[in-house]
Amino acid sequence: MGDDDSKVGATDVLLLEGLRQGDSASFEALFVRHYPRVRGLLERMLGDSGEAEELAQETFLSLYRSPLTAQREHNLSGWLFRVATHLGYNALRAQRRALARDTSWQSRAPRGDASPEEEAVRAEDQALVRRVLADLPERDARLLLLRHSGLSYQECADALGVAPASIGTLLARAERAFEQHYRVLEGREKGRHETP
Amino acid sequence: MRHPDDGALRAYLDHELDRLTAQRVEAHVRSCPRCERTLDDLRGIQTRVALRIDELRAPPAAERSPRQALVAFRARTAGLQPAHRSDARSNDKMWRRITTGRWRVAWAAMVAALAITFVCAYAPARTLASQALGVFRVRKFAVISLSASTVENLNLLDAAEQLLSEQVEVIKGPGPSTPAGSAAEASALAGFDVRLPSRLPAAFQGEPTLLVGDTAHVQARVKLDRVRAILDAMGRSDLALPKALDGAVLDLNVPHIVTALWLGGAGASPLTLIQAPSPDVELPAGVDLADLGAIALQLAGLPKAEAVELAARIDWANTLVIPLPQSAATYRDVTVAGAQGLLIQGSPSNQGDQYLLLWQRDGIVYGFQSQTSWSFLIEAAESMW
């Protein structure tokens with residue numbers, strides 16, 4: 001099956017209409033267009049690229065199954081990211097419970113070209129960032145993940161269910177809180193001298 | 001222009017301001033050292049945080065291109081038709097679509113969310129069960145009708161999810177559902193008498209597909225300071241929480257939920273019947289359900305005075321409360337097999353009307369959903385006895 005170039009450039013609204021009429025080329029165009037950022041977000045949330053891939057597929061499966069009403073373009077990505085963060089957080093909670101029982105902090109997505117030492121350092125860095133995010137209020141953590149996965153203010157607002165005009169303030173606050181807490185946890189880590 | 005706040009400066013950094021405002025901010029910053037410093041500060045934080053969060057990404061080599069992911073996706077959905085309009089719907093794999101359909105999920109989520117709100121059991125006091133005030137059992141339904149303005153901030157389920165997300169432990173998660181070949185088999189699996197209607201329209205003759213959901217056991221320990229922090233972040237510092245909630249262990253046992261699905265003939269939308277035992281919960285001393293109910297109603301968007309008044313009138317120990325936005329649904333009280341029920345007509349996604357008949361009898365709660373018409377639902381429901 002070759003690429004359907006007639007869909008390139010069509011807005012999400014048009015493609016959604018096509019999807020509702022069962023046109024699979026429309027769905028595929030939507031998939032290719034939005035998949036990278038959805039996948040990116042889930043990866044940042046979960047760290048495990050296998051699981052991120054799985055949940056990204058789940059997100060698009062929801063779109064595939066449930067017809068949306070004709071909405072303005074920014075709403076589709078808002079909807080997609082809302083579903084994706086919901087799935088991601090469910091998985092994170094399950095992960096955390098498993099991690100609480102497992103004391104090894106192995107990175108699950110090893111870089112092929114890195115040395116074991118670099119691997120370990122990278123894994124620790126990632127674990128620290130995740131811990132900071134886990135300690136923040138959930139909406140702040142969601143906003144940071146969404147924004148740094150490349151979403152516009154409007155898209156973040158749609159995904160979170162807040163007014164777009166508030167994103168600037170929420171973001172500034174969330175980033176300050178992130179940095180402050182990061183410094184606290186980093187300080188504690190240095191004082192500990194052992195990898196859990 | 002007055003000094004722009006952090007939000008405006010941040011939006012300016014992200015090029016998210018309209019041109020006029022951006023120009024004004026830029027002009028101000030150029031001549032105001034204090035704001036220039038704040039802007040630099042924010043820029044530094046943005047860069048550092050971005051770097052940190054970017055560290056979470058896998059290296060490019062590990063990624064799949066969207067095209068490759070699409071191939072994998074096609075393999076998953078082989079045989080599934082993308083959903084399309086009701087007049088051209090296909091029956092292939094319709095089962096999977098209905099069990100993830102919005103009404104069914106919404107109903108199950110409602111029951112679970114409201115049960116979570118009402119279930120409190122102090123862990124140390126479990127041995128003192130004889131001191132419990134009573135048992136929550138669904139005997140009636142009550143609808144809270146929400147006007148458009150309250151619906152704008154409606155996020156009761158979101159709030160419940162957030163409030164408990166940090167504190168919930170899944171003691172036993174639900175496993176996969178089990179298909180059953182007959183009502184008798186479903187009854188044996190589910191542990192209660194599964195009933196099916198004997199009178200249905202011609203399009204729905206024949207045996208339905210039966211699925212018995214798995215049970216789940218979930219526990220949450222309430223930390224009042226965290227709950228307050230979350231409500232504050234939601235902008236709801238106005239809600240006063242009863243101290244008796246602190247340290248409470250919320251215990252929810254999700255029973256076997258049985259779903260029966262009739263596909264109907266060509267062109268007919270499917271019919272779904274859901275049945276499950278009403279959750280049986282012990283209510284502890286020290287927590288006033290009307291207080292909790294008033295809070296839940298305020299989270300659902302009702303103003304405080306109205307919420308308190310309404311909460312005082314509801315028999316919380318015996319009533320399943322359902323919030324319905326006026327713009328999306330209407331309802332009326334009906335009698336089903338001598339019991340109080342509700343017929344809800346909704347257009348949840350402007351896809352055409354959906355009908356949900358809700359009633360309970362002998363401790364089992366039933367939901368009967370149709371997407372074409374409702375006139376046969378009550379008769380069909382009564383034919384189950």
Quick one: in the stretch A:6-47, of everything that is more than 21 Å from the chain's Cα centre (by Cα), of a type in the set (Ser, Thr, Tyr) and modelled with pLDDT of 75 or more, which residue is most open to solvent (accessible area, probe 1.4 Å)? A:SER24
Within the stretch A:187-194, is there a residue that is under 17 Å from the mean Cα position of the chain (by Cα) and in contact (Cβ under 8 Å) with a residue 40 or more places away in the chain? no
Return the pair list, or none, for Cβ contacts closer than 9 Å from residues in the stretch B:198-217 that are closer than 13 Å to B:ALA276 by Cβ to residues that are among the aromatic types (Phe, Trp, Tyr) and open to solvent by 50 Å² or more (accessible area, probe 1.4 Å), at least 6 apart or on different chains. B:LEU211/B:TRP95
For B:PRO176: the one exception among (1) surrounded by 15 or more Cβ atoms within 10 Å (Cβ to Cβ); (2) away from chain A (no Cβ under 14 Å): (1)
Just name the residue that is surrounded by the fewest Cβ atoms within 10 Å (Cβ to Cβ) out of those in the stretch A:50-65 that are in contact (Cβ under 8 Å) with a residue 24 or more places away in the chain and among the hydroxyl-bearing types (Ser, Thr, Tyr). A:TYR64
Quick check on the stretch A:44-55: of everything there that is at the interface with another protein chain (Cβ under 7 Å from one of its Cβ atoms) and in contact with a Leu (Cβ under 7 Å, 6 or more places away or on another chain), which residue is farthest from A:ARG147 (Cα to Cα)? A:GLY47
Of the residues A:ARG122, A:ARG131, which single one is surrounded by fewer than 18 Cβ atoms within 10 Å (Cβ to Cβ) and either assigned to a loop (DSSP other than H, G, I, E, B) or free of Cβ contacts under 8 Å to residues at least 24 places away in the same chain (or both)? A:ARG122
Can you give me the number of residues within the stretch A:143-155 that are open to solvent by less than 30 Å² (accessible area, probe 1.4 Å) and either at pLDDT below 85 or more than 9 Å from chain B (Cβ to nearest Cβ) (or both)? 5
Those residues that are at the interface with chain A (Cβ under 10 Å from one of its Cβ atoms) and either open to solvent by less than 50 Å² (accessible area, probe 1.4 Å) or over 18 Å from A:TYR153 (Cα atoms) (or both), I need them from the stretch B:1-29; list them, please. B:PRO4, B:GLY7, B:ALA8, B:LEU9, B:ARG10, B:ALA11, B:TYR12, B:LEU13, B:ASP14, B:LEU17
If you scan the stretch B:179-217, which residues turn out to be farther than 16 Å from B:MET384 by Cα, open to solvent by less than 30 Å² (accessible area, probe 1.4 Å) and out of contact with any helix residue (DSSP H, G or I) (no Cβ under 6 Å at 6 or more places or on another chain)? B:ALA190, B:GLY213, B:ALA216
Looking only at the stretch A:156-177, filter to residues that are open to solvent by less than 40 Å² (accessible area, probe 1.4 Å) and among the charged types (D, E, K, R); which one of those is farthest from the other protein chains (Cβ to nearest Cβ)? A:ASP158
Any strands (runs of 3 or more DSSP E) falling wholly within the stretch B:256-361 and containing at least 2 residues that are modelled with pLDDT under 80: B:281-283, B:319-325, B:329-336, B:339-346
Need the failing condition index for B:VAL49 against (1) loosely packed, with under 14 Cβ neighbours inside 10 Å; (2) within 37 Å of the chain's Cα centre (by Cα); (3) at pLDDT 90 or above, just the number. (1)
Pairing a residue in the stretch A:162-174 that is over 11 Å from A:LEU143 (Cβ atoms) and assigned to a helix (DSSP H, G or I) with any residue that is modelled with pLDDT under 95 and aromatic (Phe, Trp, Tyr), where Cβ atoms lie under 6 Å and the two sit 6 or more apart in sequence or on different chains, gives A:PRO164/A:TYR153
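The values are calculated or read from the model by the stated rules, or taken from the named source; none is laboratory data. Source: prediction; values computed, not measured. Backbone-built Cβ (ideal geometry, glycine too); neighbour counts: all protein chains shown. Ligands, DNA and RNA are excluded from the accessible area calculation, which covers all protein heavy atoms including side chains. Shrake-Rupley method; radii C 1.70, N 1.55, O 1.52, S 1.80 Å.
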